[in-house]
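So the structure is just underneath, and the comments pick up after that.
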Amino acid sequence: MKDKTFDRLLTAVLIIGSISVIALLVYTELLRRDVSIISYIANGR
Amino acid sequence: MKKLTKQLAVLIGLALGFAAFDAAVYCNVTRRYINSTSPEMQSKSIEVSRYVPFDANAELVQSDAKMTLTGDIPVIDGAAAVLPVYAAFVQAVYPPESVQFDGDAYAPESAMQYTNTRGAYQSLAEGKADIVLCAKPSAEQAAYAAEQGRELVYEPVAQEAFVFIVNKNNPVDDLTADQIRGIYAGEIRNWSEVGGRHLPIDAVQRNAGSGSQTTMLGFMGGTPMKRDPLSFFGSAIGYSFRYYVAGIVQNGGVKMLSVNGVYPDPEHIADGSYPVTGEVLAVYDKRNDNPNIPILLDFMRSEEGQRIIAESGYTPVSTTE
């Protein structure tokens, strides 16, 4: 694989991976604001 | 070829690393916050549309009361945990035309309102509600009412158990009242100290001003409550009113604990053996001269009113006096 191609793929994986982490954290925070105490306990262990 | 293998290993490893991180966050954090209730219950603590007076599909106790209020109909409001009760009272003695529900919320001119405990006490203080059914107000709510010139009167109309809930898989079934106070004071931090697994205790609390939070503060008797942020990864304990847990939400993922060896069922609330009970109060302003307020209070405490309370799943005051 050419270095340029590798760099592009690496950049793409980093961007997509970072977006997935940020999206998951934002989604988690939105859920946290609204969760009921009963659901929170039921979802735990 | 060797270089290509290395490049692919880096790309695949990185992608798998992100996926593993996301999966770990989802399983350990995100999943804990997913509501298992409907969006309506999520936003309003209760599915209001199930308890609309005069609605043919309402899940309310029917009454054969022979009277209907006339004249100045009192605006009634209250807590989520007792909405089935006061909605049944409204259906029993209010004229149908006094209730206007648009499918999502009560119209501002409706004599039946639902704004939950914090909203109800605010409405009472600001003169928008004439009578509310709630647990005791917080110190701030009582002070706000006094600032607004209200002199609140509290009339007990039902008894309700204040219950402690844990995940259904938690092996602990019983705690003493002192152990619960110790947990919320931050003195008991691990379930193994009270006969459970070796897991931190996540002592969750409700929002300030909610009926259950005010009741819990009273139960603690002035001892400040603490929650260790790291206990998030442990197993949680929380609190609410019995009927809200067992009759309204009915989430099979939680169970109620016995306290001092007594389970919070209606029999043990009625005979006084369950040690943590609270009163459902009808609260109004002493200076409110609406003539229907005493009539409504008399009905709530009458044999028929107490039958509505019992059949709605609560404990009448008459059986505990």
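Data for the structure
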{"item": "Residue selected from region A:1-23 under the condition facing chain B (nearest Cβ under 10 Å) and among the hydroxyl-bearing types (Ser, Thr, Tyr), by the criterion nearest to B:LYS2 (Cα to Cα)", "result": "A:THR5"}
{"item": "Tally, over region B:149-206, of residues that are among the basic types (Lys, Arg) and more than 11 Å from every other protein chain (Cβ to nearest Cβ)", "result": "3"}
{"item": "Which listed residue is of a type in the set (Ser, Thr, Tyr) and free of Cβ contacts under 8 Å to residues at least 12 places away in the same chain, from B:TYR243, B:TYR184, B:TYR263", "result": "B:TYR263"}
{"item": "Residue that is nearest to the other protein chains (Cβ to nearest Cβ), among those in region B:31-41 that are assigned to a helix (DSSP H, G or I) and loosely packed, with under 15 Cβ neighbours inside 10 Å", "result": "B:ARG31"}
{"item": "Criterion: more than 30 Å from B:LEU296 (Cα to Cα) and of a type outside the set (D, E, K, R) - qualifying residue of B:ALA146, B:ALA185, B:ALA129, B:ALA139", "result": "B:ALA185"}
{"item": "Some residue of region B:181-198 being among the β-branched types (Val, Ile, Thr), in contact with a Phe, Trp or Tyr (Cβ under 7 Å, 6 or more places away or on another chain), surrounded by 13 or more Cβ atoms within 10 Å (Cβ to Cβ) and part of a loop (DSSP other than H, G, I, E, B)", "result": "no"}
{"item": "Condition met for B:VAL132 (assigned by TED's automatic domain parsing to the domain that holds B:ASN260 and either in a strand (DSSP E or B) or touching a helix residue (DSSP H, G or I) at 6+ places or on another chain (Cβ under 8 Å) (or both))", "result": "no"}
{"item": "Condition check for B:ARG50: within 12 Å of chain A (Cβ to nearest Cβ), out of contact with any Lys or Arg (no Cβ under 8 Å at 6 or more places or on another chain), outside any loop (DSSP other than H, G, I, E, B) and within 30 Å of A:VAL35 (Cα to Cα)", "result": "no"}
{"item": "The one condition in (1) of a type outside the set (A, V, I, L, M, F, W, C); (2) in contact (Cβ under 8 Å) with a residue 24 or more places away in the chain; (3) away from chain A (no Cβ under 12 Å) that B:ASN28 fails to fulfil", "result": "(3)"}
{"item": "Members of region B:245-289 found to be among the small types (Gly, Ala, Ser) and under 18 Å from B:ILE309 (Cβ atoms), listed by number", "result": "B:ALA246, B:GLY247, B:ALA270, B:GLY272, B:GLY278, B:ALA282"}
{"item": "Test result for B:SER192, more than 20 Å from B:SER36 (Cα to Cα) and without any contact (Cβ under 8 Å) to a residue 40 or more places away in the chain", "result": "yes"}
{"item": "Some residue of region A:12-19 being under 12 Å from the mean Cα position of the chain (by Cα) and small (Gly, Ala, Ser)", "result": "yes"}
{"item": "Any hit, region B:49-57, residues being of a type in the set (Phe, Trp, Tyr), surrounded by 14 or more Cβ atoms within 10 Å (Cβ to Cβ) and assigned by TED's automatic domain parsing to the domain that holds B:ILE293", "result": "yes"}
{"item": "Tabulated pairs, region B:53-78, first aromatic (Phe, Trp, Tyr), second in a loop (DSSP other than H, G, I, E, B), C-beta under 7 angstrom, 6+ apart or interchain", "result": "B:PHE54/B:VAL99"}
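Let's see how each residue does on (1) small (Gly, Ala, Ser); (2) out of contact with any helix residue (DSSP H, G or I) (no Cβ under 7 Å at 6 or more places or on another chain); (3) closer than 28 Å to A:ALA42 by Cα:
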site: B:ARG227; (1), (2), (3): no, yes, yes
site: B:TYR263; (1), (2), (3): no, yes, yes
site: B:PRO266; (1), (2), (3): no, yes, yes
site: B:PRO291; (1), (2), (3): no, yes, no
site: B:MET300; (1), (2), (3): no, no, no
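The values are calculated or read from the model by the stated rules, or taken from the named source; none is laboratory data. Not measured: the values here are computed from a predicted model. All Cβ positions, glycine included, derive from the backbone under ideal geometry; neighbour counts span all protein chains shown.
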